[in-house]
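A.B. asks: The structure is given below, and queries will be raised subsequently.
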Amino acid sequence: MAAEGLTVNVTDRGIVKVLQCKGYIDTTTSGMLENTIGELLQGKNFRIIIDLGEVDYISSAGWGIFISEIKNIRKNRGDLKLVNMKPEVMEIFELLDFTNILEYYKTTDEALKKFK
């Protein structure tokens, strides 16, 4: 899926769906990401990795999507893990103290191991 400023590709890695994001996540693009996650959840896919390796910026609207979905995902015995954050994105992640809410890993493979 693509919106101006953001592209999201979904791939299957066994029981886990990996969303590879490219661009930026703000108020204009976050709806598309939210819809993509919503479609996965409707399809009973509750094990999700979000690869942020090619994301330069995430606004509060973007972070809000991850936080708002995590409760429902975990209620269904799944999880949402973030991987491959650029330093400037990681800095905001830590500043907002989301490290206590969301798990972060350096690589997709590292995060995949945590689902087994």
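A.B. asks: Want the number for Ile67 to Glu94: 0.36 nm per residue separation, take away the alpha-carbon distance, what's left?
C.D. replies: 8.3 nm
A.B. asks: Moving on to the next point. Restricting attention to region 1-106, which trypsin sites (Lys or Arg not before Pro) occupy a DSSP loop and are surrounded by at most 15 other Cβ atoms within 10 Å?
C.D. replies: When the trypsin sites (Lys or Arg not before Pro) of region 1-106 are filtered for loop state and at most 15 Cβ neighbours within 10 Å, Lys44, Arg77, Lys106 remain.
A.B. asks: Here's a follow-up. How far apart, in nanometres, would the label points at Leu41 and Asp56 be if each is projected 7 angstrom from Cα along the Cα-to-Cβ direction?
C.D. replies: 3.0 nm
A.B. asks: What ranking do Ser30, Ser60 get, fewest neighbouring Cβ atoms within 10 angstrom at the top?
C.D. replies: Ser60, Ser30
A.B. asks: In terms of modelled amide H atoms, which long-range or inter-chain residues lie less than 5 Å from the amide H of Arg47?
C.D. replies: Correct list: Lys17, Asp79.
A.B. asks: Span-like helices, the chain: DSSP H, alpha-carbon axial extent 27 Å or more, mean Kyte-Doolittle 1.6 or greater, which ones?
C.D. replies: Going by DSSP H runs, there are no hits.
A.B. asks: Tell me the relative contact order for the chain as a rounded percent, counting alpha carbon contacts under 8 Å between residues six or more apart.
C.D. replies: The normalised contact order for the chain reaches 24 percent.
A.B. asks: Another question, if that's okay. Considering the options Ile73, Met90, Ser59, tell which one lies farthest towards the positive end of the dipole of region 2-113, charges being +1 on Lys and Arg and -1 on Asp and Glu at the Cβ, about the Cα centre.
C.D. replies: Among Ile73, Met90, Ser59, the one farthest towards the positive end of the dipole of region 2-113 is Ile73.
A.B. asks: To check you understand DSSP bridge types, tell me what percent of the beta bridges within the chain (both residues inside) are antiparallel, rounded to 5.
C.D. replies: DSSP beta bridges in the chain are roughly 40 percent antiparallel.
A.B. asks: Report, in deg cm²/dmol and to the nearest 500, the calculated mean residue ellipticity at 222 nm for the chain, where each DSSP H run with n ≥ 4 adds -39500 (n - 2.57) and the sum is divided by the residue count.
C.D. replies: The helix-only estimate for the chain comes to -11500 deg cm²/dmol at 222 nm.
A.B. asks: Tell me, what is the FRET efficiency for Thr7 and Ile101 to the nearest 0.05, using R0 = 35 angstrom and their Cβ-Cβ distance as r?
C.D. replies: Plugging the Cβ-Cβ distance into 1/(1 + (r/R0)^6) gives 0.85.
Readers should treat all values here as calculations from the given coordinates under stated rules, not as data from a laboratory. These numbers come from a predicted model, not from an experiment. Quick reminder, even Gly has a Cβ in these numbers, built from the backbone with ideal geometry, and neighbours come from all protein chains shown.
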